[in-house]
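See structure below.
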Amino acid sequence: MEEKLLEIKDLCVEYHTDEDNVYAVNHVDLTINKGETLGLVGETGAGKTTTALSIMKLLPIKIGEITSGEIKLNGSSIISKSEEEMRKIRGKDISMIFQDPMTSLNPVYTVGDQVAEVIKLHYPDYNSSQVEARVDELFLMVGLPPERKTEFPHQFSGGMKQRIVIAMALACEPQLLLADEPTTALDVTIQAQVLQMMKDLKEKLNTAMILITHDLGVVAQTCDQVAIMYAGEIIENGTVEDIFEGKDHHPYTIGLFGSIPDMETKSKRLHPIDGLMPDPSNLPKGCKFNPRCPHCKDICREQEPPVYVNGTQTIRCHLFK
Amino acid sequence: MHKYIIKRLLMLIPVMLGISFILYSIMTLTPGDPAQLILGPGATEEAIELKRQELGTDKGFWEGYVDWLTNAVQGDFGTSYRSKEPVFNEVFARFPNTLKLASSAIILSVIFGIGIGIFQAVRQYSMSDNIISGITLVLTSMPDFWIGLILIIVFAVWLKVLPASGANHWYNFIMPALTASVGYTAGTIRLTRSSMLEVIRSDYIRTARAKGAAEKTIIFKHALKNALLPVVTLIGINLGWQLGGTIIVEQIFAIPGIGTLMIGAVRSKDTPLLMASVLFVAFLSALINLITDILYAYIDPRIKAEYSK
Ligand SMILES: Nc1ncnc2c1ncn2[C@@H]1O[C@H](COP(=O)(O)OP(=O)(O)O)[C@@H](O)[C@H]1O
Ligand code: SF4
Ligand SMILES: [Mg+2]
């Protein structure tokens, strides 16, 4: 059961802009087992989307660059794959759902055509009636009437559009689904529905998922593993029990949770912490959290903290030895 | 959609009325008597009076306009003061030249404008992108007559491969079409490039990439159709302009088109001829405008939904 699907080792990503280099992802290690869900949590700008785009190798051309590290899917390196090989993986083995469903569908094609496209790309042998049958099946799966496949994106609500995007992402039954804040842009009532549906579908298809979210309640309900990201680093990582019930935590995690809620307290939103995340083009020396940390010691301003390992949990902080 | 088209066509009626009234006012209220102009400076007062009666310019302002309008509504737009021919005979004799010039200029601008625009967008900030941007900037700032003259000097005077004037053969139109198309091409290139760049950055293009679509599919299927929306409008405007007859290009290459016809009509105060040619051109422009809008709705389902309301 505990079979490794995706392994990220020491991933570093930079954006080269006209002004400076943005160190968006720094030495990230992550592992996801088959069928598992990993919650990736952190403030805006922490590098969550960048991490997901790196896995797809869809960083903006010429601007975003993976400067070091390794990403392996089923043991084979993604970093060394050609663009052509990546096209066979995208949409088939790894799918991605983006944050804003209002803009993630092409306005000038019918939603049915857009779902059909991904099927045609990865199952070139399907004839048109097989493709259409599969589209219908997917529409039913995400709770939309298949008759509506001839309509255009503007004829659907945000929640329905996200269902279409999910249908598209799951069309080829991927092994890994990257869901980048899939419900943030939706109404609160719709959020729960869409999330429940995603959870059911991923269990049915045995798809592993990286769920990027702000919502700790969602993490508690949906995830097996949790990784907390700050300034491009994973500062704490562990099982959902480690994070919600463990006794040792990174000061940032504690800040996030306010006081750590137990797993029954649902939908506890990220707690604001005093200060701002450092500018990723100008990161502080030592621990990147030191300007905001209430436990900051001299060593924190000088040396990068080591990774403290405690069973399934890891914490990047000088407080632990 | 049908309702929308009919509404737009009906809206043309007041526009045409307005144009005709303004033209009539300008022609009759500005100094210069067509009868005097035709007969020349030596004509007697009686001869001029007779000529006025013949032309119908002896009537009062309102009577004259109402007469014109009454006939026009019945399809009679009058005869030219000079040639005595029904005005539309002259307009239709000239129009094919303008149409040939306009359509070839616009086709050139569409092919090169869209083609080069896409090429640049795909290679943003590359050497070729920068060079082309520089060239387009220079071309947009060059006046038509200057480009026309350079072409004449190079191809008619030095190389002697193309005729400098006339409209009898298709090759007569090569240089005029090139001259007229330069500005339109440059504009189309710039708009296609910027529109394409904007679309390429959009979320649905990232979605298409995430599906595993090839770059060619992304550019030509997903991006182009969206990026072309503003370009279609520009092409429609350009075509409307060009069908109005570019006076400068027609003059340089001595092409008897609508532009030179209108200039002549203004000079000789040939009111019926000017009104017929301007109304014809205005009607065409409005029609092209409407076709552009229909095309727009055809490309963008959101607009179509708007129109159906
Ligand atoms: N295309 C880009 N060019 C330059 N900087 C970028 C680009 N995309 C993201 N960044 C920067 O990288 C950092 C991480 O961004 P992102 O991965 O989007 O964070 P998150 O998804 O956690 O909010 C941010 O500081 C952001 O400003
Ligand atoms: S390393 Fe120091 S500054 Fe950083 S989180 Fe731990 S205690 Fe705070
Ligand atoms: Mg993000």
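Odds and ends about this structure:
- Qualifying residue in region A:203-217 (condition: touching a Pro at 6+ places or on another chain (Cβ under 8 Å) and part of a loop (DSSP other than H, G, I, E, B)): yes
- When the helices (runs of 4 or more DSSP H) confined to region B:232-309 are screened for residues that are surrounded by 16 or more Cβ atoms within 10 Å (Cβ to Cβ) and within 14 Å of chain A (Cβ to nearest Cβ), those reaching at least 3 such residues are found at B:271-299, B:301-308.
- Screening A:CYS172 on (1) under 18 Å from A:VAL226 (Cα atoms); (2) not in a helix (DSSP H, G or I) shows it passes everything except condition (1).
- Residue check, A:GLU203 crowded, with 21+ Cβ neighbours inside 10 Å and more than 14 Å from every other protein chain (Cβ to nearest Cβ): no
- Candidates are the residues of region A:87-100 that are within 16 Å of ligand 1 (Cβ to nearest atom) and surrounded by fewer than 20 Cβ atoms within 10 Å (Cβ to Cβ); the one that is nearest to the other protein chains (Cβ to nearest Cβ) is A:ASP100.
- For the residues B:GLU63, B:GLU90, the requirement of being in a helix (DSSP H, G or I), acidic (Asp, Glu) and surrounded by 14 or more Cβ atoms within 10 Å (Cβ to Cβ) singles out B:GLU90.
Results for (1) touching a Pro at 6+ places or on another chain (Cβ under 7 Å); (2) among the aliphatic types (A, V, I, L, M), shown as yes or no for each residue.
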{"position": "B:GLY42", "(1), (2)": "no, no"}
{"position": "B:ALA72", "(1), (2)": "no, yes"}
{"position": "B:VAL87", "(1), (2)": "yes, yes"}
{"position": "B:ILE118", "(1), (2)": "no, yes"}
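- Contact annotation: residue pairs with Cβ atoms under 6 Å, 6 or more positions apart or on different chains, pairing a residue in region A:43-61 that is assigned by TED's automatic domain parsing to the domain that holds A:LEU178 and within 20 Å of A:ASP279 (Cα to Cα) with a partner that is within 9 Å of ligand 1 (Cβ to nearest atom) and in a helix (DSSP H, G or I), are A:LEU59/A:LEU53.
- Residue that is surrounded by the fewest Cβ atoms within 10 Å (Cβ to Cβ), among those in region A:247-272 that are over 20 Å from A:PRO305 (Cα atoms) and modelled with pLDDT of 70 or more: A:GLY258
Residues checked against (1) within 14 Å of another protein chain (Cβ to nearest Cβ); (2) touching a His at 6+ places or on another chain (Cβ under 9 Å); (3) closer than 18 Å to B:PHE112 by Cα; (4) open to solvent by 50 Å² or more (accessible area, probe 1.4 Å):
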{"position": "B:ALA156", "(1), (2), (3), (4)": "no, no, no, no"}
{"position": "B:LEU162", "(1), (2), (3), (4)": "no, no, no, no"}
{"position": "B:ALA186", "(1), (2), (3), (4)": "no, no, yes, no"}
{"position": "B:VAL199", "(1), (2), (3), (4)": "yes, yes, no, no"}
{"position": "B:ALA214", "(1), (2), (3), (4)": "yes, no, no, no"}
{"position": "B:ILE218", "(1), (2), (3), (4)": "yes, no, no, no"}
{"position": "B:ASN226", "(1), (2), (3), (4)": "yes, no, no, no"}
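- Answer residue from region A:297-321, given it is under 22 Å from A:ASN33 (Cα atoms), of a type outside the set (Ser, Thr, Tyr) and open to solvent by 60 Å² or more (accessible area, probe 1.4 Å) and is farthest from ligand 2 (Cβ to nearest atom) among those: A:GLY311
- Residue match in region A:101-110 (condition: open to solvent by 40 Å² or more (accessible area, probe 1.4 Å) and within 30 Å of A:CYS12 (Cβ to Cβ)): yes
- Per-region count, region A:141-159, residues open to solvent by less than 10 Å² (accessible area, probe 1.4 Å) and either within 14 Å of another protein chain (Cβ to nearest Cβ) or within 16 Å of ligand 2 (Cβ to nearest atom) (or both): 1
- Of the numbered criteria (1) facing chain B (nearest Cβ under 9 Å); (2) near ligand 1 (Cβ under 10 Å from one of its atoms); (3) of a type in the set (S, T, N, Q), the one A:ASN106 fails is (2).
- Test result for A:ILE89, closer than 30 Å to A:MET277 by Cα and aliphatic (A, V, I, L, M): no
- Matching residues, region A:19-69, being in contact with a Gly (Cβ under 8 Å, 6 or more places away or on another chain), in a strand (DSSP E or B) and within 10 Å of ligand 1 (Cβ to nearest atom): A:TYR23, A:ALA24, A:VAL25
- Unmet criterion (only one of (1) more than 14 Å from chain B (Cβ to nearest Cβ); (2) away from ligand 2 (no atom under 16 Å from the Cβ); (3) within 17 Å of A:PRO280 (Cα to Cα)) for A:GLU43: (2)
- Put simply, of A:GLN162, A:GLN193, A:GLN130 the only residue that is in the same structural domain as A:GLY45 (by TED's automatic domain parsing) and away from ligand 2 (no atom under 16 Å from the Cβ) is A:GLN193.
- Selected residue (only one of A:VAL135, A:VAL131, A:VAL165, A:VAL226 is open to solvent by less than 10 Å² (accessible area, probe 1.4 Å) and within 16 Å of ligand 1 (Cβ to nearest atom)): A:VAL226
- Filtered residues of region B:38-60 (kept if within 27 Å of B:ILE263 (Cβ to Cβ), in a helix (DSSP H, G or I) and open to solvent by 80 Å² or more (accessible area, probe 1.4 Å)): B:GLU54
- Looking only at residues in region A:168-200 that are open to solvent by 20 Å² or more (accessible area, probe 1.4 Å) and among the β-branched types (Val, Ile, Thr), the one that is nearest to the chain's Cα centre (by Cα) is A:THR184.
- A Cβ distance below 6 Å, combined with a sequence gap of six or more or placement on separate chains, defines the contacts here; from region B:1-22, residues that are outside any helix (DSSP H, G or I) reach residues that are open to solvent by less than 60 Å² (accessible area, probe 1.4 Å) in the pairs B:MET1/B:TYR307.
- Residue count, region A:187-202 (criterion: acidic (Asp, Glu) and in a helix (DSSP H, G or I)): 1
- Given (1) assigned by TED's automatic domain parsing to the domain that holds A:MET198; (2) open to solvent by 30 Å² or more (accessible area, probe 1.4 Å), index of the condition A:LEU40 fails: (2)
- Only one of A:SER54, A:SER77 that is more than 20 Å from A:GLU173 (Cα to Cα), small (Gly, Ala, Ser) and surrounded by fewer than 17 Cβ atoms within 10 Å (Cβ to Cβ): A:SER77
- In region A:1-18, the residue that is nearest to ligand 1 (Cβ to nearest atom) out of those that are within 23 Å of A:THR213 (Cβ to Cβ) and of a type in the set (A, V, I, L, M) is A:VAL13.
- Note on region B:127-217: enclosed helices (runs of 4 or more DSSP H) holding 1 or more residues that are under 30 Å from A:CYS172 (Cα atoms) and without any contact (Cβ under 8 Å) to a residue 60 or more places away in the chain are B:174-200, B:203-211.
The values are calculated or read from the model by the stated rules, or taken from the named source; none is laboratory data. Please read all numbers here as calculations on a predicted model, not as lab measurements. Glycine also receives a Cβ, built like all others from the backbone with ideal geometry; neighbour counts cover every protein chain displayed. We work out accessible area using only protein heavy atoms, side chains counted, and drop any ligands, DNA or RNA first. Shrake-Rupley method; radii C 1.70, N 1.55, O 1.52, S 1.80 Å.
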